[in-house]
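Asker: Can you read through this structure? Questions will come right after.
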Amino acid sequence: MQATKAAIHKITGINIATPKGFYASGLHCGVKHKKLDLGLLYSLIPAAAAGVYTTNQVQAAPLKVTQDSLSQEGKLQAVIVNSGNANACTGKRGLIDAKAMQLQTAEKLGIPSHYVGVASTGVIGEHMPMDKISSGIQKLVLDSELKGSIDFSQAILTTDTVSKNTAYSLKINDKDITIAGTAKGSGMIHPNMATMLGFITTDAAVNKDALHEALSYAVERTFNCITVDGDTSTNDMVLMLANGMGENEELNKNHPEWELFLDALVLVCEDLGKLIAKDGEGASKLIEVNVLGAKTEKEARIIAKTVVGSPLVKTAVFGCDANWGRIIAAAGYSGVSFNPDAVKILIGDSEVVIDGEPVSFSEEEVRNYLKGHEIHITVILAEGIGNGRAWGCDLTYDYVQINASYRT
């Protein structure tokens, strides 16, 4: 990946409609009290599309509708999204409402209904206020400028404190290509998808099967490596649309610049994943755990996710306590076998464990480091060449406060 990163450039003035042919919009329709709560994403032409969904056995109606749409042609031209109500555990009526959102959006845009994806996020177990949703759909005005994208990125938020956006540019077949993304997520975040929604657009031409493989690859190494509180939600999905308006030769796994495209997609997903972890409910610090020297990349990611997901590690970081015992204990119950007598652990740049034993370090220096807003923990094993990372946040008093009164 390092060899190709130089050919990928992060874009300022980022927005989900930056890739050619994409438009976005958002407004307040009344699902929430005051904040924007309905968004629309649109491509001028049908786009190859791919989705990755929550692993929770309880899946909300919008996910079922979107999966059914993708199963027909593997294409989408629009996505309608609401926040404030998850439309989850709402029975037959929930499915009817999700399909109504799809049909009303399709009729507004003059496109087939199966070209419309549907996403919802918010409170579980409450029926959709369809009168408000329907009225809002009719009022949405598509915009290729920054305002439309900002409104869309804000309309998908729930307990998030900030919107989350990123974009990168690269050249494929000497054509300028952009990949952009926006996401929401703050609580109920855990590996294997969580209460997050992610939307990625690109003007690259990509084979639909290859697009699905690329998205799955990127999600496994980014969104599936974040955790806030260990809960996996009912509504989570990441959707990617590739409309081909960049006019490059269609990408597939045999294309000479496939790896370049894949690396750029991973960067987009990694940026969004880290922004979600950093914005965890009540969070004051982003935690990155880097595991080196595992047998495989997958085992390294499992250990990293276990460590960053440990409530005791999270509270130690919140309290600026260099309690490395919690780190090695979490690695030990990850389910991955390793030699504990060959483990090295660093908090920031400070070695606190070597060969599985404590070493002398400055408590004051590490405590001061833990007062920062971005904390790096490194676990080095002696098992192989597998490396992996995961991201999370500290566990604070505010997390309890926010979730104790989420519905009210």
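Asker: Using label points projected 7 Å from each Cα along Cα→Cβ, tell me how many nm separate Lys295 and Asn173, to one decimal.
Answerer: 4.3
Asker: How far is helix 61-73 tilted, in degrees, relative to the longest principal axis of the Cα atoms in the chain, given as a value from 0 to 90 rounded to the nearest 10?
Answerer: 70
Asker: I would also like to ask the following. Show me the ranking of peptides 307-315, 171-179, 28-36, 200-208 by mean Cβ neighbours inside 10 Å, starting with the highest.
Answerer: Taking the mean over residues of other Cβ atoms within 10 Å, the ranking is 200-208, 307-315, 171-179, 28-36.
Asker: What length, rounded to one decimal in nm, is gained on full extension from Ser216 through to Asp341, with 0.36 nm per residue of separation minus their alpha-carbon distance? Show your work: numbers first, answer last.
Answerer: Values: separation 125, 0.36 × 125 = 45.00 nm, distance 3.52 nm.
Gain on stretching Ser216 to Asp341: 41.5 nm.
Asker: Taking each pair of different alpha-carbon atoms in the chain once, compute 1/r for the pair, average those values, and report the inverse of that mean as the Kirkwood hydrodynamic radius in Å to one decimal. Numbers along the way, then the final one.
Answerer: Working: mean 1/r = 0.0461 Å⁻¹.
It is 21.7 Å.
Asker: Pull up the cross-link candidates among the lysines for Lys285, meaning alpha carbon to alpha carbon under 20 Å and not fewer than 8 places away within one chain.
Answerer: List returned: Lys164, Lys184, Lys274, Lys305, Lys314, Lys371.
Asker: Mind checking the full-extension length gain between Asn323 and Arg93? Use 0.36 nm per residue of separation minus the Cα-Cα distance, one decimal, nm.
Answerer: Length gained between Asn323 and Arg93: 77.8 nm.
Asker: Let me ask something else. So if each residue of separation counts as 0.36 nm, and I subtract the Cα-Cα distance between Gln138 and Asp349, what length gain in nm does that give? Before the final figure, lay out the partial values.
Answerer: Values: separation 211, 0.36 × 211 = 75.96 nm, distance 5.49 nm.
70.5 nm is the gain from fully extending Gln138 to Asp349.
Asker: Right, here's the next one. Assuming 0.692 mPa s and 37 °C, estimate D for segment 286-404 with Stokes-Einstein, Rh taken as the Kirkwood radius over Cα pairs, in µm²/s.
Answerer: Translational D for this selection: 231 µm²/s.
Asker: Please find the FRET efficiency linking Glu145 to Ser284, where r is the Cβ-Cβ separation and R0 is fixed at 45 Å, and quote it to the nearest 0.05. Mind showing how you got there, number by number?
Answerer: Details: r = 34 Å, r/R0 = 0.77.
After rounding, the FRET efficiency stands at 0.85.
Asker: Enter the angle in degrees (range 0 to 90, nearest 10) between the Cα long axis of helix 208-221 and the first principal axis of the Cα atoms of the chain, meaning the one along which they spread out most.
Answerer: Helix 208-221 sits at roughly 30 degrees to that axis.
Asker: Rank the residues Trp391, Trp324 as a footprinting-exposure proxy: fewest other Cβ atoms within 10 Å of their Cβ go first.
Answerer: Details: Trp391 26, Trp324 23.
Fewest-to-most ranking of Trp391, Trp324: Trp324, Trp391.
Asker: Okay, moving on. When Met128, Met237 are ordered from fewest to most other Cβ atoms inside 10 Å of their Cβ, what list results? Provide the component values of the computation, followed by the final result.
Answerer: Details: Met128 26, Met237 22.
Listed from fewest to most nearby Cβ atoms, that is Met237, Met128.
Asker: Based on other C-beta atoms within 10 Å, arrange Tyr23, Tyr369 from fewest to most. It would help to have the intermediate numbers written out before the result.
Answerer: Details: Tyr23 20, Tyr369 17.
So the residues, fewest neighbours to most, are Tyr369, Tyr23.
Asker: Now for a different question. State the answer as a single residue: which of Leu312, Trp324, Ser337 lies farthest towards the positive end of the charge dipole of segment 286-404, with beta carbon charges of +1 for Lys and Arg and -1 for Asp and Glu, about the Cα centre.
Answerer: Toward the positive end, the furthest listed residue is Ser337.
Only the coordinates and a few stated rules stand behind these numbers; no lab work does. Computed from a predicted structure; not experimentally measured. Virtual Cβ from ideal backbone geometry, glycine too; neighbours counted across all protein chains shown.
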